[in-house]
Structure formats: C-alpha cells, structure tokens
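The values are calculated or read from the model by the stated rules, or taken from the named source; none is laboratory data. Source: prediction; values computed, not measured. Virtual Cβ from ideal backbone geometry, glycine too; neighbours counted across all protein chains shown. With ligands, DNA and RNA removed, areas are computed over all heavy atoms of the protein, side chains included. Shrake-Rupley method; radii C 1.70, N 1.55, O 1.52, S 1.80 Å.
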Amino acid sequence: MSGLTRLSRPLRMVGASASAAGPSRYASSSASVIAAGRLSTVARHLSSSSVSMDQSSKMGSPSEDLVLFESHQSTRLYKLNRPAKLNSLNQEMIDLLSSKIKNWRELESCKVIIGTGDSRAFCAGGDVKQLVLDLKEGKETALPFFKSEFQLNWTLGRLGKPYIAVIDGVTMGGGAGLSLPAAIRVATPRTIFAMPETKIGYAPDVGANYYLAQLDGAIGAWLAITGQELYGRAAYELGIATHYVTPNVLPEIISQITQLESPTLAQISSLVSSYSSAPSSSSEPSSKASPDGPSPIKGEIREFLDKTFSLKSIAEVDQALSKAATNEKLSQEVRDWAKLQKELIDQRGPTSTAVALAGYKKAKESRRLDRTLLNDFSMATAFSGPKRSTEDFVKGVSAVLIDRSKTPTDWIPSSRSDPSLSPKEIEKNFFTPSKNQTSGDLQLEFEPISASKLDSGKDSTWGRFRKYGLPSEANIRASVDGYAPGSGAFALTEKELIDSFVDASGEVAGTRRDEIEARVKDVVSRHCKKDKDGYLEWRS
C-alpha cells in the first residue's frame, strides 16, 4: 500500500454526521451564445404587458393580469404584475399561481419553471394590510389567506422539475415563500431580501425557516429575529441567492434557458454562472448605498452573531446584545454591530421576536418543510385567528402600514424578559395546534402528499438549499470529514478540497470559480487545522 500515493495519506477522523456536499454539474461553453432575435423576443415579453399564454390557458378576467403567464417551448414563466404594491400577494394572485403551478407540475411538456417580478420588486410579501383591515371589520379572511399561501409554498417546494426564481428587487416575506423553494435563485445589485415580520408584530412564516435554518451558523436566526435587510451581493454570499448577476443580462439568461429542450438544474446553474458579476473593487461592505460590496457578516462579527443568536431564549439574546455594547473585550466593530442589533430588536415586537426564534429552532430541529409549514399555520392562527393569543399582529400592522404612526407601538408584553416569552410559554401559546387551531377546511392540505411520514426525520430536500450556490460550511465540512458523496475515506489537502468543489460546479475559469475558491479557503482558515503534510481536519 505504501507504493500507492493516494492510499498513503491519513484516514479521515470521522466525527458527527454532516450534510451531503455539492452536486456534480455540467458546464457548457456554448451556452452563452444565442441568436439576437431570440433575445429581443424574450426581452419584449418581459417588458410588455402582453401575455404569451399556455395553449390550455385563456384570459378569464381583468384580475388575471395580476400574474402573467408565458410559455416558451418547454419553459413556463410567471411574472407577478402588481407593481403599485411592489407585487405584494393578495388572495387572487395566490389562487392564480396555485392553479397554474399545479397544472405545470403535472404537465409533461413543462420541463422548467421561472418566476419573475419587475425591476423594483420580485415580491414585497403578502398584503397583510388588507388582512388586518378585514379583521377590524369582523371579516375572517386572514386564515384562509395563510392556508392557501402556505399550500402554494409547499407545492413550489415539491415541483419535481427545475425551478428558477429571479429575485431582482425587493424580495420579502411572501416573496421569500415563492423564491426560496427554487433550486436556483438569481440576485442582482437591486435585490433587497428580508423577513421583516417582527416589525409588524408577526414572525416569519411561508416555510422560510426551513431554508433559513440551512444557512451557515446562526445567520438564519439573526435574519428571522431582526428582520434585517440583505442588499445585493450579501444575499448571494450568505446563501439566500445561488447566483449573482447584473440586471441587464437577465433577459438574455432567461432567453437561453427557454432555448434548452430539457435542461438539468446543473446545466441551468452553469449557464447562469457564466454571467456572474465580478466583486466590486471597493471594500465598502454591502448596504443600501453600496449593494455590490461584500457581506459585512464575517470575522469577529460572524463569531459574535453565531454565539448570540444561538442562545436558547429571546431574553438571553437581548441581554447578550446589551452587555456586548459595553464589553471592552470585544472589538469596537463588534460592539458597534451589537449596539445596532439591539436597536433593531428594540423596535420589534417582543412577542414576535420570541416566536421568530422558536420557529427557527423548530425548523432546524425537524428539518422538514411540511412540519415547518404546519408550525407556521399554528403560529398564524395564534396571531390572527378568532381565538388569538395576542393582539400584536393587529397593532403592528395598524401602526406601521395603516396609521403610519411615528410613536412606538404598544406591544404586550413590552419586555423580552417577560415570563410569558419563555420558550415553554411560546411553545404552548403559538405552536400547540389544539389551543388555537380551527378544524375542517382550515387545516393545511399538502399536494402532492409528503413522500415521508411527518416527523420521521429530515425530508428529501433538506440539505439541498445551497446546492447550486457558493459552498456552505456544512458541505465543506462533509467533504473534509468524508461524508460527502465520492469524497472517499482519505484526508484532503486544501488544494484537493478546492478542486473538488470547482470540479463539481463545472466552473473551470472566471468569476464564479474565483468565488468558490475564495469561499473554500475562508472556511478552511476558520474551521480546519492542517497536519505536517497539509491534510485537513475539521475543528469542532
């Protein structure tokens, strides 16, 4: 055996299990070449109010203009078309989408589905303002709305065919519910992503926690609790988006996808990657003013974020942020960041932040989309049902979206240290179906039926959320520890590890390859140690 170089290296030290690594992908050098006529045709489709409909579909009423549907060979495309409301979802839009998506899922000639909005917004969320106005008038429209929305979120997560979401512009709340199930999520410098529900006395729903729980460390918990916006490149670097391009190439990308007869996700990913936008030469971190800058969530800030937002209760998170602001053992950068986060959650409903943390933790524990959506519906019922546990949702939407109040909202309770916000009390009041859930037609119905039994362990799509984006820490660890498919039983050097991810992505050169290499090197520097021969071992 000593005569075989590849077998003479040390065996891996196998520890705790990890998620599967990235996919084997296909790259096509000819994918970027298209006919100019085809490009202009699709560009006209995207900029025009006219609709190229499926042969089986006809314009039924003016309300159908809220969502435009197009058919291009084996590709089907929906475009949200409520620009005055930043494409926020109402019941009509959800019904239109649900009907069409179910049809496309079963349609053999449909091989690819693409979701788009416009240059200002993919989708700004659900139209909760109208739901609260209805509640104030005694109309119980909220739970039927949430039921149909969550069922649509489930269907999108179980399409069984390539789904691409172009998250150009504002993508928040319900927009996350439409886009996060897509295996390929394309961001641009105009992208503004957030789960802002805690601002209005609510908490993240639409199955978003299932996907947030697959981000590195406690980044998902931080996003769920604070409602912090991610701008442009930060949404890509942190894993919300799988690809990052400039807006001007979107029509060409869509056109090329429509020309593919029956493409795989790997082929589509490689095609989109060929348009990757190079990182900005400026060191200014990503922000509203500088969306093309790198994510500020790195280094000591990332370490502090993971430690703080992994705490058990919202009271502990709140206390940790308060103490950090004056902790001289921390760098000034971390103290300033902690102070900003404290200011953010002080503007959020205490109950909603506690529920947001609990919902995130439950999703991370169950690792199932069906269970996460059931938890979301129980929570939505507790916030908006006839026997609701709190009035904070009504108060928050009224203050922020209806009255546009400039004064602080009268949240009850007003403190995150209130005993009613302990994990045990939050579980009882927001995630116990028997207490708040109604029966009959207001139970979630999953179509298609889940392939595995509820609460029988992680579902079939857990771990795939980051598959076509930059490598996740979990995927890199899987390769280092030897759990990734094809990684073998022997330790890897840093170069071999980088090569394995570059090869798997199909990116032999260019911006995307450089980004993958930089990503792997960063994770190795933070989480791995090398023996005298350069072989890697993951540090706990």
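Spelling out what I want: for every residue of segment 301-308, take phi, set θ = phi - 60°, compute 6.51 cos²θ - 1.76 cosθ + 1.60 (Karplus), and round to whole Hz; glycine and proline get x.
4, 4, 4, 5, 4, 4, 5, 6
Along each of the three principal axes of the Cα atoms of segment 80-205, give the extent in whole Å, ordering the values from largest to smallest.
Result, largest extent first: 45, 33, 24 Å.
Starting with the highest mean, order 136-142, 170-176 by the number of other Cβ atoms within 10 Å, averaged over the residues of each peptide.
In decreasing order of mean packing, 136-142, 170-176 become 170-176, 136-142.
Each label point is 7 Å from the Cα along the Cα-to-Cβ direction; what then is the distance between the points at Ser280 and Arg120, in nm?
Going from the Ser280 label point to the Arg120 one covers 2.3 nm.
Please work out the Cα center distance from segment 153-198 to segment 62-104, rounded to the nearest Å.
14
Accessible area per residue for the chain in Å², computed with a 1.4 Å probe and the full protein assembly in place, what is it?
Accessible surface, normalised per residue, equals 42 Å².
For the pairs Lys307/Lys362; Lys147/Lys467; Lys288/Lys521; Lys387/Lys428; Lys406/Lys428, note any where the Cα-Cα span goes beyond 22 Å.
Those over the limit are Lys147/Lys467; Lys288/Lys521; Lys406/Lys428.
What ranking, highest mean first, results for peptides 357-364, 283-290, 385-392 when packing means the other Cβ atoms within 10 Å averaged over each residue?
Ranked by mean Cβ neighbours within 10 Å, highest first: 357-364, 385-392, 283-290.
Can you give the Kirkwood hydrodynamic radius of segment 137-199 from its Cα pairs, in Å with one decimal?
That comes to 13.0 Å for segment 137-199.
Given the DSSP H assignment, sum -39500 (n - 2.57) over each helix run of at least 4 residues in the chain and divide by its residue total; what's the result at 222 nm in deg cm²/dmol, nearest 500?
Roughly -12000 deg cm²/dmol at 222 nm, from the helical runs in the chain.
Estimate the FRET efficiency between Ser331 and Ser456 by the formula 1/(1 + (r/R0)^6), using the beta-carbon distance for r and 41 Å for R0, to the nearest 0.05.
For Ser331 and Ser456, the calculated efficiency is 0.35.
Please give the contour-minus-distance gain from Arg464 to Asp306: 0.36 nm per residue of separation, less the Cα-Cα distance, rounded to one decimal in nm.
54.7 nm
Tally up the carbon and sulfur contribution to the accessible surface of segment 182-317 as a whole percent, 1.4 Å probe, everything protein left in place.
That fraction is 53 percent.
Could you please tell me the mean projected area of the C-alpha convex hull for segment 471-536, averaged over all directions and given in square nanometres to one decimal?
Computed as one quarter of the Cα hull surface, the answer is 4.2 nm².
Take the Cβ-Cβ distance between Thr493 and Thr141 as r, set R0 to 60 Å, and report the resulting FRET efficiency rounded to the nearest 0.05.
Computed FRET efficiency for Thr493 and Thr141 comes out at 0.50.
Under 5 Å between amide hydrogens, which residues at least 5 positions from Ile114 or on another chain qualify, with H placed 1.01 Å from N in the peptide plane?
Arg76, Leu77, Tyr78, Ile164
Highest first, please rank the peptides 149-161, 198-210 by the mean number of other Cβ atoms sitting within 10 Å of their residues.
So the peptides 149-161, 198-210, ranked by packing, come out 198-210, 149-161.
Excluding Gly117 itself, calculate the net charge of residues whose Cβ lies under 12 Å from the Cβ of Gly117, where each Lys or Arg counts +1 and each Asp or Glu counts -1.
Local charge sum for Gly117: +3.
Computed from the mean reciprocal separation of all distinct C-alpha pairs, what Kirkwood hydrodynamic radius does segment 65-435 have, in Å?
So the Kirkwood estimate lands at 21.0 Å.
Normalised by the residues of the chain, what does the relative contact order come to in percent, with Cα pairs under 8 Å and at least six apart?
Relative contact order here is 20 percent.
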